[in-house]
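The structure appears right after this line, and notes come after that.
The values are calculated or read from the model by the stated rules, or taken from the named source; none is laboratory data. Computed from a predicted structure; not experimentally measured. Here Cβ is always computed from backbone atoms with ideal geometry, including for glycine, and neighbour counts include all displayed protein chains.
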């Protein structure tokens, strides 16, 4: 019978090394922020995914490139102009998807 075979077959592993590995893994795990959609953004901004026609995205990127603007700036300007003369009622609190 082998010397390794006994009640603790993994007893030969260095316990200190195991604890150090666990410490490193726990340090790597960052606590989740309250709203990860806002993480790393300026106040008033939120991250969102949108589905739109390829043509619109291509135009957005091309316009931004030629005007030396960010796509965010171009999209914000377009939305500002769109909503400029519109009255938008807020969604009722009980109907919002948060």
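Screening 95, 72 for residues that are exposed (fewer than 12 other Cβ atoms within 10 Å of the Cβ), within 26 Å of residue 35 (Cβ to Cβ) and touching a helix residue (DSSP H, G or I) at 6+ places or on another chain (Cβ under 9 Å) leaves exactly one candidate, 72.
Among the residues of region 42-82, the ones that are assigned to a loop (DSSP other than H, G, I, E, B), closer than 26 Å to residue 97 by Cα and modelled with pLDDT of 95 or more come to 3 in all.
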